[in-house]
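Working notes for the structure below.
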Amino acid sequence: MKLKKLTLAAGILMAMAGGVAQAEAQPVKNIVLVHGAFVGGAGWRPVYDRLTHDGYKVTLVQEPLTGFPEDVTATRRIIDQQNGPVILVGHSYGGAIITEAGNDSKVVGLVYIAAHALDNGETEAINGKKFPNSAHPFAKSTDGYLTIAPENYHSDFAADLPDAQADFEAHAQMPTNAAVFTANMPDPAWKTKPSWYMVAKADKIINPDLERMYAKRAHSHTVEIAGASHSVYESHPDDVAKLIEQAALHAQP
């Protein structure tokens, strides 16, 4: 009788443990996508479609690109709206934004898509000199906003997108305050939050070796996409969505 009771108790404990493990394995459902400089959130549409098809609740940040504090505030505003834990995803300059905004207690994982993952004391401008890119210099307005000259946009930013799409994006740019590229990180979230990183191996805007440095330093789960331009989030949406879903599955609250 004692043996039967012990066996029954052990079975109950195992079932409870299995239930806990199953609960822990449930993926985070809230995904927040943060765009980079020069572009808006619409470029995330292919990734958005795939994630929502798979049952995720996806929200896009439309940061104003008027200054780093304003862009972080815009991102925090969206994080505040989420009901539960969040996977925060940033492309390009959006990586700097999520590195700061990712300190929010709701954020349980960071995903960098060809993005800056700065440390304290670093800026995008400083790191760009250490790891020079292969793009043309940006155009600067009289009031200090940067864009990519339309004739350079396709080759520099979106070489693996169709001509018509790249041409449209070249003429739909969001001018970006040059000051964002000298913003400093007071408290990088990747030091305390798990991260995932996608390296675009043909990136001309951010040197792929700089991307690799960011990923290695943050101990990110890293994938590299051959032939991918800086617009990897548009040209390889299946790979991007897959990486985000891996983060959602493994970054537990």
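The values are calculated or read from the model by the stated rules, or taken from the named source; none is laboratory data. The model shown is predicted, which means the values in this text are computed figures rather than measured ones. Here Cβ is always computed from backbone atoms with ideal geometry, including for glycine, and neighbour counts include all displayed protein chains. For the accessible areas, the whole protein counts, side chains as well, though only heavy atoms, and no ligand, DNA or RNA atoms are used. Shrake-Rupley method; radii C 1.70, N 1.55, O 1.52, S 1.80 Å.
Restricting attention to region 75-98, and to residues there that are open to solvent by 10 Å² or more (accessible area, probe 1.4 Å) and either touching a Pro at 6+ places or on another chain (Cβ under 7 Å) or of a type in the set (Val, Ile, Thr) (or both), which single residue is farthest from ALA215 (Cα to Cα)?
ILE78
From the set of residues in region 185-223 that are under 18 Å from the mean Cα position of the chain (by Cα) and modelled with pLDDT under 95, which is farthest from LYS130 (Cα to Cα)?
Out of the qualifying residues, it is ASP187.
Give the number of residues within region 210-232 that are within 24 Å of VAL86 (Cα to Cα) and either in a helix (DSSP H, G or I) or of a type in the set (S, T, N, Q) (or both).
9
Out of the residues in region 176-209 meeting the condition of being assigned to a helix (DSSP H, G or I) and farther than 13 Å from ALA96 by Cβ, tell me which one is most open to solvent (accessible area, probe 1.4 Å).
Per the stated criteria, the residue is LYS191.
Which of the residues spanning region 166-175 are open to solvent by 20 Å² or more (accessible area, probe 1.4 Å) and small (Gly, Ala, Ser)?
Of everything in region 166-175, just one residue is open to solvent by 20 Å² or more (accessible area, probe 1.4 Å) and small (Gly, Ala, Ser), namely ALA172.
Out of LYS242, LYS204, LYS193, which single residue is closer than 29 Å to THR52 by Cα, touching a residue at least 12 places away in the same chain (Cβ under 8 Å) and of a type in the set (Lys, Arg)?
Testing whether each residue is closer than 29 Å to THR52 by Cα, touching a residue at least 12 places away in the same chain (Cβ under 8 Å) and of a type in the set (Lys, Arg) leaves just LYS193.
Which residues, taken from region 221-240, are surrounded by fewer than 23 Cβ atoms within 10 Å (Cβ to Cβ) and of a type outside the set (Asp, Glu)?
Hits for region 221-240 are HIS221, THR222, VAL223, ILE225, ALA226, GLY227, SER235, PRO237.
What pairs can you find where one residue is in region 99-115 and farther than 11 Å from ALA215 by Cα and assigned to a helix (DSSP H, G or I), the other is open to solvent by less than 10 Å² (accessible area, probe 1.4 Å) and at pLDDT below 95, and their Cβ atoms are less than 9 Å apart, with a gap of 6+ or different chains?
If the second residue must be open to solvent by less than 10 Å² (accessible area, probe 1.4 Å) and at pLDDT below 95, the pairs left are THR99/MET185; GLU100/MET185.
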